[in-house]
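FYI, it's all coordinate maths here, none of it is from the lab. Small disclaimer: the values here were computed from a predicted structure and weren't measured. Glycine also receives a Cβ, built like all others from the backbone with ideal geometry; neighbour counts cover every protein chain displayed.
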């Protein structure tokens, strides 16, 4: 295949469309080639010589669970900032595409003589992504067994959906319990003595995860450590509506958050800083992205950018919640995690919070 001249196509709107099409093509080809079990295990054998990122087993949880990071979480670091990076709907087995670029961008942003932020990317594999591994992967924590990948019009259960804090199949280990465990290790003053800020960040399905954890998660590292959230390009946004199911409202929540009252959820949302972003060209639907097209989702808008602005308008009903949220539109960007995570505004918020932000 002959590739177009990048210098030419970047200068036009047509060029943006070509780049978007190429990105979709590349993502499709990449997703069509599943890892073998041997390739998966190879990722757990230490940091890669190419980018210094390895795969490690998380200690202190009920099932075998892995995460990607420059080094083991328990090793500790002198960093002042840590970022927990949550993958999208198709992740959980392969490394998140934005992982290595984000590690480099954050290190560059901190400057010389300062320990770079520690980036940890937990992996929440869906059952259908592990099925080709056969019995070899049976001991791995896995989610979304009730969700049918080949028929997404059939909605699965909130109870095993990793995006909203569902439990791993056959366990009482929520995906949000995993975040709480990571936060607990980061909160160990002996391991992370200089830590002052932790950011839970996600794009697409990861954006759903981060936004909903901000609503119902424990959100505690240790006294003196600020926790902030970055929720970008989610398929749906959370409404404080007791009549709508958990993917859209607060009805029928999983075990982890089932006992919380509506007021407790609003209190969380009114006290937790969330930075939201979406591309102005994030308008594609299926089969190009895993956009939720249920009636409840379509009521929020026909695509992600419409839902983004609709959510901004919705928050005007809740002034205390609205004060905690800022909205950033990535000009000309489609549904592209690499583009979002390379935006200077994202890096600036992760490193400096609201110091340089005009909401």
Q) Which of 167, 241, 180 comes first, and how do the rest follow, when ranked by fewest Cβ neighbours within 10 Å? A) 241, 180, 167
Q: Residues in region 221-250, backbone N under 13 Å from the label point at residue 189 (7 Å along the Cα-to-beta-carbon vector): list them, ranges by number please.
A: 222-225
Q. In what order do 298, 350, 232 fall by count of nearby beta-carbon atoms within 10 Å, going from fewest to most?
A. 298, 350, 232
**Q.** Stokes-Einstein D (µm²/s) once Rh is taken as the Kirkwood radius of region 267-330 over alpha-carbon pairs, at 4 °C in 1.567 mPa s
**A.** 102 µm²/s
Q.
Test of understanding: ordering 79, 278 by Cβ neighbours within 10 Å, fewest first, what list do you get?
A. 79, 278
Q. Between residue 243 and residue 352, what length in nm is gained on full extension when 0.36 nm per residue of separation is reduced by their alpha carbon distance?
A. 35.5 nm
**Q.** Largest-first principal axis extents of the Cα set of region 232-287 (Å)
**A.** 38, 26, 18
Q.
Report, to one decimal in Å, the Kirkwood hydrodynamic radius for region 68-143 based on all distinct Cα pairs.
A. 13.9 Å
Q | Overall form of region 123-216 per C-alpha gyration tensor (a/c, 1.5; a/b vs b/c) | A | prolate
**Q.** Modelled FRET efficiency - R0 25 Å, residue 318 with residue 286, Cβ distances, 0.05 increments
**A.** 0.20
Q) Say we join alpha carbon atoms closer than 10 Å with springs in a Gaussian network model of the chain; which of 331, 144, 303 then has the biggest fluctuation? A) 331
Q: Kindly give the semi-axes, whole Å and largest first, of the ellipsoid equivalent to region 210-250, taking each as the square root of 5 times a Cα gyration tensor eigenvalue.
A: 24, 13, 6
Q. Considering every pair of different Cα atoms, what Kirkwood radius, in Å, is found for the chain?
A. 20.8 Å
Q: Divide by every residue of the chain the summed helix terms, -39500 (n - 2.57) for each DSSP H run of at least 4, and state the resulting mean residue ellipticity at 222 nm, rounded to the nearest 500 deg cm²/dmol.
A: -8500 deg cm²/dmol
Q | Relative frequency of Cα-Cα separations exceeding 13 Å in region 98-137, percent | A | 63 percent
Q: Provide Rg over Rh for region 157-286; use the alpha carbon set for both Rg and the Kirkwood Rh (inverse mean inverse pair distance).
A: 0.98
Q. How large is the convex hull of the Cα atoms of region 31-157 per residue, expressed in Å³ as a whole number?
A. 132 Å³
Q) Where is the GNM fluctuation largest for the chain (alpha-carbon springs, 10 angstrom cutoff): 314, 67, 229? A) 314
Q. Highest GNM mean-square fluctuation, the chain, Cα pairs closer than 10 Å: which of 92, 332, 134?
A. 134
Q) Taking 0.36 nm per residue of separation and subtracting the Cα-Cα distance, what length does fully extending residue 263 through residue 45 add? A) 73.9 nm
Q. Length gain on complete extension for the stretch residue 218 to residue 157, per 0.36 nm per residue less the alpha carbon to alpha carbon distance?
A. 19.7 nm
Q) In 10 Å bins starting at 0, how do the alpha-carbon pair distances of region 226-359 split up by percent? A) 11, 39, 37, 12, 0
